[in-house]
Amino acid sequence: MDKVLLSGNEAIARGAYEAGVLVASAYPGTPSTEILENATRYPEIDASWAPNEKVALEVGIGASFGGARALVTMKHVGVNVAADPLFTLSYTGVRGGLVLVVADDPELHSSQNEQDSRNYAKFSKVPMFEPADSQEAKEFTKLAFEAGEQFDTPMFLRSTTRISHAKSIVTLEDRPTDIPQPSLVRDAAKLVMLPANARKRHYDVEDRLIRMAEWSNAQPFNRIEKGAGQVGVITAGVSYQYVKEVMPDADVLKIGLVHPLPEQLIRDFAANYETLYVVEELDPYIEEQVRAMGINVIGKEKLPICGELTPGRIRKALFGLDAPVEDNSPELPPRPPNMCPGCPHRGVFMELNRAKAYVTGDIGCYTLGFLPPLSAMDTCVCMGASIGNATGISKVISEEEQRKVVAVIGD
Ligand code: SF4
């Protein structure tokens, strides 16, 4: 079998291909964008952009209800937009597997907030895999389709910037040749979520999570790696790579399915250690659930809750050691994002600046109108917020000030 170097995003697209996916739908956003771009390399997949994340998920849901495997991708803030269909999709379950890839952006390299999508898995009761390299990104994508169909649930696959954009070796496999032909099958009790049906489905959802947690206790994607036996670490995703670098002698429980957590496996592992760490980026998602099991751990009281982890940050937080300075790369000038030299928006922002307008903006290239020398943006909350924000602020200010308010929208 061929081995190739792939980014996590390329590997997810490859995983979808090898899983027999027929439809991929997405809304772009860093760090998720390249997944759909790479899905277009496979003519067997009908891959297209949607006008927003909600529509992307609805297209995927339709394909799944038709019996096809469907991949839906977005960045973390996109899940806020897609949350309406997501929470009810959790109740309907799937026909063909549906995997929603969400790429989080710890450190806010290109985002307006740093939300941790693992909370969405718990909130929506949709199980979530989290890979730690490109090989796992491909394998977990395929696994997510299989597990989703086995347990009749949509599945999350969570990536983060470093998993999506770093490259590592991936072993390629073939696409199945026996992909079932999608067709219309009526099943109103499962797919029409009016209260009488949804009430029953909620019991199925809760039962599914219990069964999945039991199942995952003995699955190889949750694995224990033995070290010197002195210290235990529970971790997942990219944090696993940092743990292996910083604490090579630690015993590690690497979790692949981060929702629902493998409770019995965690209990069995934790029983061996007086010193047990949970190393995870952003929220104390695993830590809080482990503590709720009555297990004492060291976590966010030492590790940062904001920003990315790095080996150096973990070393410093847990052991008070400064990161070794081994970076011999030349000093490069900072290159913050900026509007393209010929961008027609530049002139608009220049005039808004001259007019001393109060500019409500939102997410896109034109957010860069905030930066000097244009310096013509006063608010930026989320995609599509500018007109609503301008309307709201105009309701409460004087008539004279209202004349200064301008909303900009459009990427
Ligand atoms: S809209 Fe964005 S991509 Fe297009 S020219 Fe302007 S800055 Fe460049």
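Only one of the numbered conditions (1) within 30 Å of L303 (Cβ to Cβ); (2) within 16 Å of the ligand (Cβ to nearest atom) is violated by K316, and that is (2). Being in contact with a helix residue (DSSP H, G or I) (Cβ under 7 Å, 6 or more places away or on another chain) and either assigned to a helix (DSSP H, G or I) or within 16 Å of the ligand (Cβ to nearest atom) (or both) is not true of M350.
Filter segment 63-73 down to residues that are on the phi < 0 side of the Ramachandran plot and not in a helix (DSSP H, G or I) and give me whichever is most open to solvent (accessible area, probe 1.4 Å). Looking at the filtered set, the residue picked out is R69. Within segment 78-106, the set of residues being more than 24 Å from D207 (Cα to Cα) and open to solvent by 20 Å² or more (accessible area, probe 1.4 Å) comprises N80, V81. Within segment 343-374, being at pLDDT 90 or above and small (G, A, S) holds for G347, A355, A357, G361, G369.
If you check R315 against the conditions, is it in a helix (DSSP H, G or I), out of contact with any helix residue (DSSP H, G or I) (no Cβ under 9 Å at 6 or more places or on another chain) and open to solvent by 10 Å² or more (accessible area, probe 1.4 Å)?
Criteria not met by R315.
Residue check: is P330 over 29 Å from the mean Cα position of the chain (by Cα), open to solvent by 50 Å² or more (accessible area, probe 1.4 Å) and more than 13 Å from the ligand (Cβ to nearest atom)? So P330 passes the test. Reported count of residues in segment 333-347, each being more than 15 Å from the ligand (Cβ to nearest atom) and not in a loop (DSSP other than H, G, I, E, B), is 0.
For segment 390-408, does any single residue satisfy the condition of being in a loop (DSSP other than H, G, I, E, B) and either touching a residue at least 24 places away in the same chain (Cβ under 8 Å) or within 15 Å of the ligand (Cβ to nearest atom) (or both)?
yes
Only one entry of S183, S168 meets the criterion of being within 30 Å of G29 (Cα to Cα) and among the hydroxyl-bearing types (S, T, Y), and that entry is S168. Considering (1) open to solvent by less than 90 Å² (accessible area, probe 1.4 Å); (2) outside any helix (DSSP H, G or I); (3) within 16 Å of the ligand (Cβ to nearest atom); (4) modelled with pLDDT under 95, the lone condition that M377 does not fulfil carries the number (4).
Of the residues making up segment 216-246, not one is crowded, with 22+ Cβ neighbours inside 10 Å and free of Cβ contacts under 8 Å to residues at least 24 places away in the same chain.
Listed by first and then second residue, the pairs with beta-carbon distance under 6 Å, at least 6 apart or on different chains, first residue in segment 342-365 and basic (K, R), second near the ligand (Cβ under 8 Å from one of its atoms), are R346/M339. Evaluating V405 against the criteria (1) surrounded by 15 or more Cβ atoms within 10 Å (Cβ to Cβ); (2) in contact with a Gly (Cβ under 7 Å, 6 or more places away or on another chain) leaves one unmet condition, (2). Scanning segment 116-138 for residues that are in contact with an Asp or Glu (Cβ under 9 Å, 6 or more places away or on another chain), within 22 Å of S64 (Cα to Cα) and in a helix (DSSP H, G or I) turns up A137, K138.
Could you tell me whether any residue of segment 357-373 is assigned to a loop (DSSP other than H, G, I, E, B) and more than 16 Å from the ligand (Cβ to nearest atom)? Yes, some residue in segment 357-373 is assigned to a loop (DSSP other than H, G, I, E, B) and more than 16 Å from the ligand (Cβ to nearest atom).
The values are calculated or read from the model by the stated rules, or taken from the named source; none is laboratory data. All values reported here derive from a predicted model rather than from experimental measurement. Cβ sites come from the backbone with ideal geometry, for glycine too, and all protein chains shown count toward neighbours. These accessible areas exclude ligands, DNA and RNA; they are computed on the full protein's heavy atoms, side chains included. Shrake-Rupley method; radii C 1.70, N 1.55, O 1.52, S 1.80 Å.
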